[in-house]
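The values are calculated or read from the model by the stated rules, or taken from the named source; none is laboratory data. Everything numeric here is computed off the predicted structure, so don't read it as measured data. Cβ placement follows ideal geometry from the backbone for every residue including glycine, while neighbour counts extend to all protein chains displayed. In case anyone asks, the SASA skips ligands and DNA or RNA and just uses the protein heavy atoms, side chains included. Shrake-Rupley method; radii C 1.70, N 1.55, O 1.52, S 1.80 Å.
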Amino acid sequence: MSNAFLSHISETLTQIEADGLYKRERMITSPQGGEIRVGDRNVINLCANNYLGLADHPDLIAAAKTVMDDKGYGMASVRFICGTQDLHRELEQRIAKFLGKDDSILFAACFDANGGLFEPLLGPEDAIVSDSLNHASIIDGIRLCKAQRYRYANNDIADLEAKLKDARAAGARHVMVATDGVFSMDGYLANLPAIREIADRYDAVVMVDDCHATGFMGPHGAGTPDHFGVDVDILTGTLGKALGGAIGGYITGPQPVIDLLRQRARPYLFSNSLPPAVVAAGLEAIRLVEEGEDLRKQLFENAKFWREGLTELGFDLLPGEHPIIPVMLGDAKLAQAMAARLFDEGVYVSGFFFPVVPKGQARIRTQMNAALTREELTRALGAFERAGKACGVI
């Protein structure tokens, strides 16, 4: 490898650090949970996607251990060669039933699901109208597709309609609207009722990435469509957040869509099948969610307590109803300094800054968890007060 190339890479890394944008990882030495061990100390964890506290749930661990005796450790193959067990189909059908769809298809992650969704379904004669704040995986999936691309301002229904008009005026054969169900940096919910109404008016398919909602949003925990009481055509989601926090993604929708994806979705065709332990734990997670009204109730009680506490302390929060509660700081270096100070105070959070969020909108994204106790949250509020004053935020 040439010295010039390595020097260029090193200079880029130096500039990233100078701009206050360098990301560092802390080593967790305990299971994921509301309180975790990092190095030689315990800290309260406010930045995991472990919404229902299932990542270390004993029932999921037991299901994963037990199934390895029966089904083995790994599949060592892709699905269509020799990587499909009865367990995989059981989980796919269970996901589809839980979310009210015909069928579903499993992927290694929802990033792969979104990466493999668009190209098999849409061609150059078609169009995709995508929210400007959609997840990177949707953006990358759309880039792999030859369909015409339109981008509408975040959650702006008037702009969505304008782009749908443009797509139809350009003669698009089929049109798909793509949106996150929850915009994860802000905790905002997509306006699915309005999106559904306007999409129907222009005969457009609605696709929703519901990673930050499945398992706890809505009266049955079935995500943002359940929350709003509306139907969408295609849902993508993950087992890696509320549903146990391991890995694995899925697409669920009409049978012909799932059947075509099984034939042509490249991340599905060329990636190993999910390990049996992950699949068994996923089945157990759905069972707990279906019986888990108490977990959802605790999650939203925690979110209400936490939001009210931060507001009383004087922090600048984005409004919302989701368990994602961002603390707005503006400056990337300040976000990193605040996160470091909070860690010293026994609270694990991460600063978010460009390119994850727009420049000037750096923040600490806090996330609630049903496993967090009121005592832990009270301690965390004290830490935020001390760190906020030390950093000149409040």
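At 1.4 Å probe size, with the rest of the protein present, what percent of the exposed accessible area of segment 117-162 is carbon and sulfur atoms? Summing carbon and sulfur atoms, their accessible area is 53 percent of the total for segment 117-162. Measuring between their Cα centroids, segment 132-172 and segment 351-375 lie 27 Å from each other. Applying the Kirkwood pairwise sum to the alpha-carbon positions of segment 307-365 produces a hydrodynamic radius of 11.7 angstrom.
Think of the chain as a dipole: +1 on every Lys or Arg Cβ, -1 on every Asp or Glu Cβ, centred on the Cα centre; then among Q367, H322, F98, Q367 lies furthest on the positive end. Charging the Cβ of each Asp and Glu at -1 and of each Lys and Arg at +1, and nothing else, the dipole of the chain about its Cα centre rounds to 720 debye.
Assuming R0 = 22 Å, can you tell me the calculated FRET efficiency for the pair K359 and R143, based on Cβ-Cβ distance, to the nearest 0.05?
With a Förster radius of 22 Å, E is 0.45.
The order of the peptides 229-238, 120-129, 21-30, 2-11 by mean Cβ neighbours within 10 Å, most packed first, is 229-238, 120-129, 21-30, 2-11. Counted over segment 33-191, the DSSP beta bridges are approximately 40% antiparallel. Its convex hull of Cα atoms gives segment 197-303 a direction-averaged projected area, equal to a quarter of the hull surface, of 8.0 nm². Shown for segment 278-394: lysine pairs separated by 8 or more places, or found on different chains, whose C-alpha atoms are under 24 Å apart, numbering 4.
Where in segment 95-173 are there trypsin sites (Lys or Arg not before Pro) that are in a DSSP coil and have at most 16 other Cβ atoms within 10 angstrom of their Cβ? Filter output for segment 95-173: K146, R173. Under 5 Å from the amide H of V38 lie the amide H atoms of T29, V43, each residue being 5 or more positions distant or on a separate chain, with H modelled from the backbone and absent for Pro and chain starts. With both labels modelled 7 Å from their Cα along Cα-to-Cβ, the D344 to A390 distance reads 0.4 nm. With the Cα gyration tensor of segment 93-244 giving a ≥ b ≥ c as the square roots of its eigenvalues, does the rule (a/c under 1.5 for rounded; else a/b larger than b/c for prolate; else oblate) give rounded, prolate or oblate? It comes out prolate by the Cα gyration axes.
Rolling a 1.4 Å probe over the heavy atoms of the protein chains gives segment 194-351 an accessible area of 38 Å² per residue.
Based on Cα atoms of the chain, Rg over Rh with Rh as the Kirkwood radius reads 0.97. Placing pseudo-labels 7 Å out from each Cα toward the beta carbon at R37 and I16 gives an inter-label distance of 3.1 nm. A dipole drawn for the chain from +1 and -1 charges on Cβ atoms has a positive end, and of G240, T214, H57 the residue lying farthest that way is G240. Karplus-based coupling profile of segment 64-77, in residue order and whole Hz: 5, 5, 5, 5, 5, 5, 8, 10, x, 8, x, 9, 6, 6, with θ = phi - 60° in 6.51 cos²θ - 1.76 cosθ + 1.60 and x standing for Gly or Pro. Across all Cα atoms of segment 147-190, the radius of gyration (one decimal) and Dmax (whole number) stand at 11.8, 35 Å. Annotation: lysines with alpha-carbon distance below 19 angstrom to K146 (same-chain offsets under eight excluded): K163. Given in Å, the Rg to one decimal and the Dmax to the nearest whole number for the Cα atoms of segment 156-254 are 14.1, 45. Highest average first, the peptides 206-214, 380-388, 103-111 ordered by how many other beta carbon atoms sit within 10 Å of their residues are 206-214, 103-111, 380-388. Amide H contacts under 5 Å for Y152: S130, D131, S132, restricted to partners 5 or more places along the chain or on a different chain, H placed in the peptide plane at 1.01 Å from N. Each label point was placed 7 Å from the Cα along the Cα-to-Cβ direction; for A158 and D69 their separation is 6.4 nm. Annotation: peptides 63-75, 324-336, ranked by per-residue average of other Cβ atoms within 10 Å with the highest first, follow the order 324-336, 63-75. For segment 66-191, the solvent-accessible area with a 1.4 angstrom probe is 43 square angstrom per residue. Between the beta carbons of V78 and E125, assuming R0 = 22 Å, the FRET efficiency works out to 0.15 to the nearest 0.05.
If eta is 1.306 mPa s and T is 10 °C, what Stokes-Einstein diffusion coefficient results for segment 238-352, Kirkwood Rh from Cα pairs, in µm²/s? Taking Rh from Cα pairs, D becomes 89 µm²/s.
Between segment 24-44 and segment 203-219, what is the separation of their alpha carbon centroids in Å? Cα centroid to Cα centroid, the span is 31 Å. Using C-alpha pairs below 8 Å separated by at least 6 residues, the relative contact order for the chain is 22 percent.
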